[in-house]
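Contents: one structure, followed by commentary.
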Amino acid sequence: MLAPRIIPCLLVHDKGLVKTVKFKDPVYVGDPINAVRIFNEKESDELMIIDIDATVHNREPNFKMIENLASVCRMPLCYGGGIKTVEQATRIFNLGVEKIALSSAAIENPKLVSDIAKEVGNQSVVIVIDVKKKMFGGYDVYTHNGTKKAKVDLEKFILDLQSLGVGEIVLNSIDNDGVMKGYDLNLVDKVKSLINVPMTVLGGAGSLDDIKTLINRFGIIGCSAGSLFVFKGKYKAVLINYPKDSEKKQLFNSNI
């Protein structure tokens with residue numbers, strides 16, 4: 001039986017694990033390898049790791065880092081950051097990664113989405129869409145860590161991606177990143193009916209109740225978070241955490 005997925009999202013900057021607020025001011029919170037090992041022990045559903053330096057610095061993926069992470073990871077692993085070619089994507093899969101995430105590359109070269117999907121399978125191609133609220137309503141799509149506004153319409157972009165063969169869409173709220181006050185449910189409402197592939201929501205989760213609210217409202221969905229799984233308590237002490245099976249069962253609505 002299908003169930004919602006709860007997915008930690010780890011950001012890598014200068015080879016360290018960091019957390020941001022609204023995509024700014026990355027704060028070092030630990031070693032990525034150690035974090036992966038802890039999430040192994042906690043039996044995380046999946047793990048998403050994004051290198052936030054690669055695209056900004058026009059750098060190819062750090063294959064050695066990816067190999068090291070994949071070698072210790074015992075759950076499905078999604079990697080994103082700097083992927084611009086089918087060859088890079090294939091090399092990453094050969095290192096043991098189950099999914100690759102594209103963002104700006106999918107906008108700059110939409111054919112790349114279908115080319116990678118044909119090579120490795122649709123289910124392994126994830127598109128991360130970073131969005132920010134417009135002043136007078138609606139949402140804009142951004143790339144390069146929220147510094148460049150893309151010339152695409154959010155709804156049309158989602159439909160185009162699905163026609164190209166994307167396997168999953170990750171919808172990430174820049175406004176809610178690291179704020180820990182809940183997901184942007186209005187954003188999910190706006191696009192959920194357009195999406196017929198697995199969908200994951202990222203940005204804003206501050207408690208397990210926020211995840212429960214998302215699941216109860218939208219059903220079978222991916223619930224991703226960063227700060228929630230690396231910080232603990234009101235003073236945000238660094239502590240890798242993840243809900244136990246008993247806690248996860250309480251999050252899932254009985255009608256799912």
### Message
When the residues of the range 231-246 are narrowed to those that are of a type in the set (Ser, Thr, Tyr) and outside any helix (DSSP H, G or I), which ends up nearest to VAL36 (Cα to Cα)?
### Response
TYR242
### Query
Does at least one position in the range 203-218 carry a residue that is under 18 Å from the mean Cα position of the chain (by Cα) and closer than 19 Å to GLY138 by Cα?
yes
### Message
So, in the range 82-101, how many residues would count as being closer than 18 Å to TYR142 by Cβ and either in a helix (DSSP H, G or I) or in contact with a Lys or Arg (Cβ under 9 Å, 6 or more places away or on another chain) (or both)?
### Response
1
#### Entry: Filter result (within 12 Å of PRO32 (Cβ to Cβ) and either touching an Asp or Glu at 6+ places or on another chain (Cβ under 7 Å) or assigned to a helix (DSSP H, G or I) (or both)) within the range 46-72
ASN62, MET65, ILE66, ASN68, LEU69, ALA70, VAL72
### Query
If you go through the range 117-140 one residue at a time, do you hit one that is touching a helix residue (DSSP H, G or I) at 6+ places or on another chain (Cβ under 6 Å), surrounded by fewer than 22 Cβ atoms within 10 Å (Cβ to Cβ) and not β-branched (Val, Ile, Thr)?
yes
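Okay, residues lined up against (1) surrounded by 15 or more Cβ atoms within 10 Å (Cβ to Cβ); (2) aliphatic (A, V, I, L, M); (3) over 17 Å from the mean Cα position of the chain (by Cα):
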residue: PRO8; (1), (2), (3): yes, no, no
residue: HIS13; (1), (2), (3): yes, no, no
residue: LYS19; (1), (2), (3): yes, no, no
residue: ASP31; (1), (2), (3): no, no, yes
residue: ALA35; (1), (2), (3): yes, yes, no
residue: PHE39; (1), (2), (3): yes, no, no
residue: GLU46; (1), (2), (3): yes, no, no
residue: ILE50; (1), (2), (3): yes, yes, no
residue: THR55; (1), (2), (3): yes, no, no
### Message
Any residue in the range 61-86 that is β-branched (Val, Ile, Thr) sitting within a Cβ distance under 7 Å of a residue that is surrounded by fewer than 16 Cβ atoms within 10 Å (Cβ to Cβ) and modelled with pLDDT under 95? List the pairs, counting only those 6 or more apart or interchain.
### Response
VAL86/GLU119
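The values are calculated or read from the model by the stated rules, or taken from the named source; none is laboratory data. For clarity, every value in this text was computed on a predicted model and none was experimentally measured. Neighbour counts are summed over all protein chains in view; Cβ atoms, including those assigned to glycine, are modelled from backbone coordinates with ideal geometry.
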